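Colleague: Dropping the structure in here first, questions after.
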Amino acid sequence: MAGLAPGNHSILAEVTDSAGNSAADSLEIFVDPYPVVTIGSPANNQHFYERRWITFSGTATEMFEGDLSANIQWYDNGTLFGTGASFDVFDLAPLGLHTITAEVTDAAGQTGSDMITIVIEPLTPPQVFITWPPNNSRFALGDEITFSGTATDAQDGNLNNSISWSSNRDGFIGPGPIVVTPGLSEGWHEITASVTDIDGMTATASINILVRQNQPPSVEITSPNNGNAYTAYQGDALTFSATATDEIDDDLSDEIVWSSDTGQISHTGASFQFSNLSIGTHVITASVQDRHGLTGSDTIAITIVNAPPVVTIDVPADNSYFSDQANVNLRGTATDPGVGSISDQIAWTSSLDAGFSATGASINTTSLSIGVHNIRAYVMDSGGLWDDDWIQLTIWKCPYAGPAIWTTAGSNSSVDWTLNIDVPPQAPSYTLTRLRMIKTNTQATISSIIVNGVAVPGAQIVETATSVTVDGPVGTNLFASPATTVNVVFNFNASQRPRPGDGSSFTLEATFQGCSAFQTVTQP
């Protein structure tokens, strides 16, 4: 039977048969409870370092016997290691997991227990770090040097105040997280920061520093011309560069101060550009000062001379073609370093026309002779330096009017007109863009116009009382080769043709791209 509460119990057994007869029996029993044991310390799964005191404590009670804590027996991994309600153990061994059992047995021989596990961990040494100065730092003899560091221990926590500083050359420096020394002896020093925890475990950290007699920094100009004497044109963009090193302060290039004996340069830094030095010789100095006040410098002599002007022909393009009736625009730009634009001083000449001469940034001319011209643009500055630019252009002869022949056959009259064209082979094709006949003292009208044997469409011919006009293009590719002849025939209506002696007069006009040709014919 299970589940009876502790204490005295009267147990009755009773049975009844089918006839209603019954019988019973009883007995008296006593339920004795087990003792209750509770481990109060340490906590379950608690971790401890070796070489530490551990307190074990617990309670044990029994309902009828009361407090049995003094009778507790303590077992470590099955081995008895203590008795009683509380006791202390130093440096519980071995390292690792321990199963702790607390047991107590009452007067009836019944046992109660509780169990926990704890872990014993090995001690770890402290850690120490040097935070200043960096390894391989350099200091001048007599410098006040500050050393700083931190130290921690997994068991003891912050050990900064336990740090001890020493030099392999000069011995003990001082204690604590920050130590300032008024100076160390000359030479290399191995600086050691050491710390010892309460368990006697030690840690160290070391750096090397150099203490030496201070020297001025070294400065070297590397540009322009690797620091050698240099000549440049006025207005040139010069790049100045230098390096500065110091045995104590390392790279000081960014702190270089630039100056010139003329006062035109003032800059700080390793490199810069400057383009406004005046004509003459300038002594440029690059200097730097270290943190101890020592200065190093380097110089370079720069001679600035007058730069020649630069002239460029902008219009027209090289190898351009123009007719002899064209208004040719010549345009250029000229600059003089240190002065600016001198385009208005450009002098223009032609290799073909000795008499052609003009001055200015832009000129227009219709006087260039037929042929190939080498056009020169020339400019000279106030110092006698000059520059020129050249292009080639070709002037070709516009179409010119040949004879206009009056023809009368019966009732038919016509004017047969020849146009002569002389175009260089390299020139582009030109198109007849307009034909025109101006009528004077006549009422004659046109029946057709023939160009090189091809009739002009009637819809393209516009006739009034005083003129006949054909706006083109009137034929194309008529001028694919030099010395081309174009023939134009104006046919009159038979009923309205010019009559002999009526004073009729006709002015013929042919317009090409950039050119015009004229001829006048009168009724014979």
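Colleague: Among what's in the range 66-77 and is closer than 20 Å to GLU121 by Cα and of a type outside the set (D, E, K, R), pick the residue that is surrounded by the most Cβ atoms within 10 Å (Cβ to Cβ).
Modeller: Within the range 66-77, the match that is surrounded by the most Cβ atoms within 10 Å (Cβ to Cβ) is TYR75.
Colleague: Could you count how many residues in the range 90-122 are surrounded by 17 or more Cβ atoms within 10 Å (Cβ to Cβ) and either outside any strand (DSSP E or B) or of a type in the set (Asp, Glu) (or both)?
Modeller: Of the residues in the range 90-122, 4 are surrounded by 17 or more Cβ atoms within 10 Å (Cβ to Cβ) and either outside any strand (DSSP E or B) or of a type in the set (Asp, Glu) (or both).
Colleague: For the range 296-310, how many residues meet the condition of being in a strand (DSSP E or B), more than 19 Å from PRO216 (Cα to Cα) and not polar (S, T, N, Q)?
Modeller: Within the range 296-310, residues that are in a strand (DSSP E or B), more than 19 Å from PRO216 (Cα to Cα) and not polar (S, T, N, Q) number 6.
Colleague: In addition: Got at least one residue in the range 328-340 being free of Cβ contacts under 8 Å to residues at least 40 places away in the same chain and either among the aliphatic types (A, V, I, L, M) or under 30 Å from VAL486 (Cβ atoms) (or both)?
Modeller: Checked the range 328-340: at least one residue is free of Cβ contacts under 8 Å to residues at least 40 places away in the same chain and either among the aliphatic types (A, V, I, L, M) or under 30 Å from VAL486 (Cβ atoms) (or both).
Colleague: While we're on this one: Considering (1) outside the structural domain of ASP67 (by TED's automatic domain parsing); (2) farther than 30 Å from PHE48 by Cβ, say which one ALA107 fails and leave the rest.
Modeller: (1)
Colleague: Please enumerate the residues belonging to the range 255-283 that are surrounded by 14 or more Cβ atoms within 10 Å (Cβ to Cβ) and within 18 Å of PRO217 (Cα to Cα).
Modeller: GLU255, ILE256, VAL257, TRP258, SER259, GLY269, ALA270, SER271
Colleague: Please go through the range 340-382 and give me each residue that is more than 21 Å from ASN319 (Cβ to Cβ) and buried (at least 16 other Cβ atoms within 10 Å of the Cβ), ordered by number.
Modeller: Result: ILE342, SER343, GLN345, ALA347, ALA361, VAL379, MET380, ASP381.
Here is a yes/no grid of residues against (1) polar (S, T, N, Q); (2) at pLDDT 95 or above; (3) not assigned by TED's automatic domain parsing to the domain that holds GLY142:
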position: SER278; (1), (2), (3): yes, no, yes
position: ASP298; (1), (2), (3): no, yes, yes
position: VAL339; (1), (2), (3): no, no, yes
position: TRP348; (1), (2), (3): no, yes, yes
position: ALA361; (1), (2), (3): no, yes, yes
position: ASN374; (1), (2), (3): yes, yes, yes
position: ALA377; (1), (2), (3): no, yes, yes
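Colleague: Then there's this: Out of all the residues in the range 86-94, is one or more closer than 30 Å to MET201 by Cβ, touching a residue at least 60 places away in the same chain (Cβ under 8 Å), among the aliphatic types (A, V, I, L, M) and outside the structural domain of GLY200 (by TED's automatic domain parsing)?
Modeller: Looking for residues that are closer than 30 Å to MET201 by Cβ, touching a residue at least 60 places away in the same chain (Cβ under 8 Å), among the aliphatic types (A, V, I, L, M) and outside the structural domain of GLY200 (by TED's automatic domain parsing), one finds none in the range 86-94, hence no.
Colleague: Further, regarding this structure: Report yes if ILE191 is under 30 Å from THR83 (Cβ atoms) and surrounded by 13 or more Cβ atoms within 10 Å (Cβ to Cβ), otherwise no.
Modeller: So ILE191 fails the test.
Colleague: Need the failing condition index for LEU184 against (1) of a type in the set (A, V, I, L, M, F, W, C); (2) in a strand (DSSP E or B); (3) under 47 Å from the mean Cα position of the chain (by Cα), just the number.
Modeller: (2)
Colleague: Checking the conditions here, which among SER113, SER137 is of a type outside the set (Asp, Glu), under 48 Å from the mean Cα position of the chain (by Cα) and either over 14 Å from THR204 (Cα atoms) or assigned by TED's automatic domain parsing to the domain that holds TRP53 (or both)?
Modeller: Only one candidate qualifies: SER137.
Colleague: Just wondering, is there one or more residues in the range 248-257 that are at pLDDT 95 or above and either of a type in the set (Ser, Thr, Tyr) or touching a Phe, Trp or Tyr at 6+ places or on another chain (Cβ under 7 Å) (or both)?
Modeller: yes
The values are calculated or read from the model by the stated rules, or taken from the named source; none is laboratory data. In this text, all values refer to a predicted model and were calculated from it rather than measured experimentally. Here the Cβ is made from the backbone with ideal geometry for all residues, glycine too, and neighbour counts use every protein chain on show.
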